[in-house]
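One structure below.
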Amino acid sequence: MSTDTTASVSTHILDTSIGRPAEGVAISLSARTGLDGEWKDLGGSATDADGRCKDLPALPEGTTHVRLDFETETYFSSRNGLGENSSNKQAEAQQDAPRVRDSGAFFPEVTITFAVNPGEHYHVPLLLNPFGYSVYRGS
């Protein structure tokens, strides 16, 4: 929830290699005030079955920049049958793609930094696959 003095952030992830939401991706949120401000870790969450992260921490008053860190290597490792929560069906969907290391992910993490204005909401979707990603300001 935003007020006139704070911004708010939400995100979701679509795994474009399988055309489905990316469930269980850990996300951490950091914020700072001003270009020279120190980053403050605010905590994090993980995406739900719909690929959404609905419970990110609130931003402190005066926040001017936000950083979202997405832990993608763990997600792709488990999806490709290399982690505890693997699914053979998802791993089969990736069978024709080239392998990158043992994790199946070229980008082991994705960090997105963006500027915010007080009172505005920022929805930042991540379109993800093992070899690339795209991000944009959603609505």
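The values are calculated or read from the model by the stated rules, or taken from the named source; none is laboratory data. Because the structure is predicted, anything quoted here is derived from the model rather than measured. Neighbour counts run over all protein chains shown; Cβ positions are idealised from the backbone, glycine included.
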Identify, by number, the condition in (1) more than 12 Å from the chain's Cα centre (by Cα); (2) surrounded by fewer than 17 Cβ atoms within 10 Å (Cβ to Cβ); (3) modelled with pLDDT of 95 or more that ASP48 doesn't meet. (1)
Suppose we keep only residues that are out of contact with any Gly (no Cβ under 7 Å at 6 or more places or on another chain) and hydrophobic (A, V, I, L, M, F, W, C) within segment 8-45. Which one would you say is surrounded by the fewest Cβ atoms within 10 Å (Cβ to Cβ)? LEU35
Just checking, how many residues over segment 1-23 are in contact (Cβ under 8 Å) with a residue 24 or more places away in the chain and either part of a loop (DSSP other than H, G, I, E, B) or in contact with a helix residue (DSSP H, G or I) (Cβ under 7 Å, 6 or more places away or on another chain) (or both)? 12
Segment 24-68, residues that are without any contact (Cβ under 8 Å) to a residue 24 or more places away in the chain and assigned to a loop (DSSP other than H, G, I, E, B): ASP36, GLU38, ASP55
Looking only at segment 87-139, and only at residues there that are at pLDDT below 55 and touching a Lys or Arg at 6+ places or on another chain (Cβ under 8 Å), the one that is surrounded by the most Cβ atoms within 10 Å (Cβ to Cβ): GLN94
